[in-house]
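Reviewing the structure listed below.
No value in this document is a laboratory result; all are computed from the given coordinates. Just so it is clear, the model here is predicted, and its values are computed rather than measured. Ideal geometry is used to build each Cβ from the backbone, glycine not excepted, and the neighbour counts take in all protein chains shown.
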Ligand code: HEC
């Protein structure tokens, strides 16, 4: 009888320990993968990888361009007019590139490129992109992996070197932003 009581106690303890391990294991596995964590990771990568430098319009604070927090990552403002580009200013023995005052518009040997709207507006931003399309694009340097070459100074090779999880986190964060309607113009090829 006593032996039986002991075996019941041991069994109950074993079941409790196994159940505890299973629950804590499930919790610790789930924690890094929740939607909020992934989005936070994406925000961290985007804010430490220079995306705002080129993709966020700016406000001027003490004369210096700072990301405009009301329109973060919405790309080259469609209503902006670039000043006339001086002839012959960019060449291998002169300047490499010119930038608009907010660094969303660029001119170089590739012509004029405009930083894309990275907010999830489906017509003018990335709202209609699939995660796969985004990843193929960043890995191949071609729009969504199949379109035209992505132009400088977009540093897509840096994104190509990220892990799948990091790229997915960037995409999840961009999709968590407020969609902003801003139709960035098509690039202009270099003048002959
Ligand atoms: C030095 C400026 C610069 C930086 C920094 C930059 N971008 Fe870009 N990005 C651009 C420009 C310019 C374009 C438009 C290129 C074009 O029209 O081909 C672009 C285009 C894109 C596109 C659209 C590509 C396509 O398929 O059409 C995505 C997505 C993108 N950038 C994401 C990012 C992310 C995420 C970061 C930060 C990790 C980042 N960019 C950092 C300048 C930049």
**Request:** Within region 140-149, identify whether any single residue is near the ligand (Cβ under 9 Å from one of its atoms) and out of contact with any helix residue (DSSP H, G or I) (no Cβ under 9 Å at 6 or more places or on another chain), and answer yes or no.
**Result:** yes
**Prompt:** Looking at (1) out of contact with any strand residue (DSSP E or B) (no Cβ under 8 Å at 6 or more places or on another chain); (2) outside any helix (DSSP H, G or I); (3) more than 11 Å from the ligand (Cβ to nearest atom), which is the only condition residue 73 fails?
**Reply:** (3)
